[in-house]
Amino acid sequence: MEATAKATFVRIAPRKVQIVLDLIRNKPADEAMAILKYTPKAACEPLAKLLKSAMANAENNFDMDVSKLYVSYCAVSQGPTLKRIRPRSKGRAYRINKKTSHVTLTLKESEEE
């Protein structure tokens, strides 16, 4: 049994989220939360919120033991890009792409005692 949480349209580029996801993959949920709390990356705040949501889903919807949970699957994919214009000299305009991410996080209960 597994508990999943998804965060869509997160306003951080997927490459930056992927770096933080690599840190917490296959870690126990409480250790992953500690890693997210003390890592100085912008992606940590929405990922910590997502991990809390997945833990709440596991506890309330599937009656799992929170102390046995671990991050079994986490992935990020690119969402839609917000296209903005930056005025430049001589009437030019530079394009600014503000990328978004869709993040999926799955928790499972570990079997070992």
Item to check | Listed pairs 6/83; 6/99; 16/49; 41/83; 16/108 exceeding 21 Å between Cα atoms | outcome: 6/83; 41/83; 16/108
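Ignoring everything except DSSP H segments at least 4 long, calculate the 222 nm mean residue ellipticity for the chain; use -39,500 (n - 2.57) per segment, divide by total residues, nearest 500. Provide the component values of the computation, followed by the final result.
Working: 3 runs with 40 residues, N = 113.
Using -39500 (n - 2.57) per qualifying helix, the result is -11500 deg cm²/dmol.
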Checklist entry - By per-residue mean of other Cβ atoms within 10 Å, what is the highest-first order of 77-83, 8-14, 58-64? => result 8-14, 58-64, 77-83
Checklist entry - Residue by residue, what Karplus-based ³J(HN,Hα) values in Hz, rounded to whole numbers, does region 14-26 have, using 6.51, -1.76 and 1.60 with θ = phi - 60° and x for Gly and Pro? => result x, 4, 6, 6, 4, 4, 6, 4, 5, 6, 9, 4, 6
Checklist entry - So who's got an amide H within less than 5 Å of the one on residue 12, skipping anything under 5 residues away but keeping other chains? H placed 1.01 Å off N, in plane. => result 101
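In square angstrom, what is the accessible area per residue of the chain with a 1.4 angstrom probe? The partial results should precede the final answer.
On the way: 7520 Å² over 113 residues.
That works out to 67 Å² per residue.
I'd like the carbon and sulfur percentage of the solvent accessible area for the chain, probe radius 1.4 Å, heavy atoms only, ligands and nucleic acids excluded.
Looking at the chain in its full context, I get 49 percent from C and S.
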Checklist entry - Which whole-number percent gives the relative contact order of the chain, counting Cα pairs below 8 Å spaced six or more residues apart? => result 41
Item to check | Within region 56-87, backbone nitrogen closer than 20 Å to the virtual label 7 Å beyond the Cα of residue 97 toward Cβ | outcome: 76-87
Checklist outcome for this item: Measuring from its Cα centre, the chain shows a charge dipole (+1 at each Lys and Arg Cβ, -1 at each Asp and Glu Cβ) which, in debye to the nearest 20, is 1960
Next on the checklist: If I model a spin label as a point 7 Å beyond the Cα along the Cα-Cβ vector, how far apart are those points for residue 6 and residue 66 in nm?
Outcome noted: 2.5
Checklist entry - Applying the Karplus parametrisation 6.51 cos²θ - 1.76 cosθ + 1.60 with θ = phi - 60° to the phi angles of region 37-43, what ³J(HN,Hα) value in whole Hz is obtained for each residue in order, glycine and proline being reported as x? => result 5, 10, 9, x, 10, 5, 6
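The values are calculated or read from the model by the stated rules, or taken from the named source; none is laboratory data. This one's a predicted model, so the numbers in the text were calculated from it and none came from an experiment. All Cβ positions, even for glycine, are placed from backbone atoms using ideal geometry, and neighbour counts span all protein chains on display. Ligands, DNA and RNA are stripped out before the accessible areas are found, and what is left, the full protein with its side chains, is counted by its heavy atoms. Shrake-Rupley method; radii C 1.70, N 1.55, O 1.52, S 1.80 Å.
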